[in-house]
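One structure is given below, encoded as structure tokens.
The values are calculated or read from the model by the stated rules, or taken from the named source; none is laboratory data. Keep in mind that what you see is a predicted model, and the values were worked out from it rather than measured. Every residue, glycine as well, gets a Cβ built from its backbone with ideal geometry; the counts of neighbours run over all protein chains shown.
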Amino acid sequence: MPGCHPEPVEGYQQGAAIILDIPPTRLDDVLAGGVSSPVRAGRRVGGEPFVCMRAEGPYAFDPAGRRYIDFVMAYGPLLFGHTPTFARDLDALAARGVVYGSTTPDELALAERIRTHLPSMERLRFATTGSEAVQSAVRLARAYTGRDVILKFSGNYHGHFDLALQDAGASAETPHADRSGIPRAVVADLAVARYNDLGDVDRHLDRIGGRLAAIVVEPICGNMGLVETVPGFLEGLRERAGRCGALLLFDEVITWLRLGLGGAQERAGVIPDLTAIGKVMGGGFPLAAFGGRADVMAMLAPEGPCFTGGTHAGMPFAVAMGLRVLDHLEGDPSLYASMERRARSLADAIRATLRALDLGYTVVQLESIVDFKFRPGPPTRSYDDQRLVDQAAYAAFYHAMRARGVLLPPSHNEVMFLSTAHGDEDVAFTAQAIDESLRELRAQGVV
């Protein structure tokens, strides 16, 4: 059965050599920390980091050729798996040139289609990564309001620029700002509130309200596990930003397209002043954007004094892939329903196992995202809840699943992402692997 158990396959050609193994010491010798992004080192779970040699559909392959059902999905953007049909025959796109340094008709076409689905983005500007999109939107908010202070939320992750890393979720490793290269002045212009807690927001606003440029928030959080907002929270942020003369910025880098063509803002019925999008939009290629009210976006150069830009912003190859992504989603509305059905099936199977083992963990599922944490009680509502997770138990679970041929994120803060490439057989095998792994951990006294 495809994706069932780690299976040895023949080594594949890379240049003239067949590569079957990469010693971890070699990784450390040439890559800082052995990785190009900290979460990949797997320090939260221990053991040898997973090295991916190649990937296909819902599967990742290690250097020894073993196959794993992949639920990392590059932390969200691979909505269609690793090798979607629209990512084939790319020679024609590359033959047009990869990057111009000039505006292209495809940029206009993609921007217009994005605005159709996200009307709040009256004007937008392309960027390369989600970090860059949020950073640019924050700078724009400060330029528009003439203020400096930003309010964000503990456990939200908005990228790796200075302002975003204080008390961030995901794989951010900045426990001490004064030792992490973040200037004290940056932290001085930042307020970090408790997610889903308007009372805590008000306590901060009592102190900084007149200096507030923007409230930045993940409208549905995917970086301290999957966390939905409580009723009234986003509406409360909308009202408070308006009352303070500040802007409301939604970070939909994970949620747009992952939760549907209207994103989290359509689901919540709350309209932000600015939105940052990325990840899924490029189908795995580096593509992001930020945008919002026309009067706010008019502050950007060349019309206004606020500069954002870059040689790869609106890169024609990535923009062309963005058009293909929307073609795919708009052309087959059933894709979301099939992913949601499989995600719901997996979530239900996990709940059954937890009940059988009398483990009081809560399973949460939204569209194609599934998550549960090694913490008894109700669903996570803030980073305070997430800090109570038994990280050692998750580490043991991660390795038990990896031994059975299922690849999970190497951090308890992350979630399981399904794709259109995951089939019913992959879900069934994963459910069985979870059942076996949890029973094994229970027998060992880990959970």
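Below are the figures for this structure:
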{"quantity": "Residue among ARG341, ARG375, ARG387 that alone is basic (Lys, Arg) and surrounded by 18 or more Cβ atoms within 10 Å (Cβ to Cβ)", "calculated": "ARG375"}
{"quantity": "In region 50-64, the residues that are within 19 Å of LEU79 (Cα to Cα) and in contact (Cβ under 8 Å) with a residue 24 or more places away in the chain", "calculated": "ARG54, ALA55, GLU56, GLY57, PRO58, TYR59, ALA60, PHE61"}
{"quantity": "Total residues in region 358-383, condition of a type in the set (Asp, Glu) and out of contact with any Asp or Glu (no Cβ under 9 Å at 6 or more places or on another chain)", "calculated": "1"}
{"quantity": "Test: VAL363 is part of a strand (DSSP E or B), modelled with pLDDT of 95 or more and surrounded by fewer than 22 Cβ atoms within 10 Å (Cβ to Cβ)", "calculated": "yes"}
{"quantity": "Residue list for region 225-242, filter: part of a helix (DSSP H, G or I) and in contact (Cβ under 8 Å) with a residue 12 or more places away in the chain", "calculated": "PHE233, LEU234, GLU235, GLY236, LEU237, ARG238, ARG240, ALA241"}
{"quantity": "Boolean, GLY278 is buried (at least 24 other Cβ atoms within 10 Å of the Cβ) and more than 18 Å from the chain's Cα centre (by Cα)", "calculated": "no"}
{"quantity": "Count of residues meeting criterion [outside any loop (DSSP other than H, G, I, E, B) and closer than 16 Å to TYR144 by Cα] in region 247-301", "calculated": "13"}
{"quantity": "Residue list for region 105-150, restricted to those being over 23 Å from the mean Cα position of the chain (by Cα), of a type in the set (A, V, I, L, M) and not in a helix (DSSP H, G or I)", "calculated": "VAL149"}
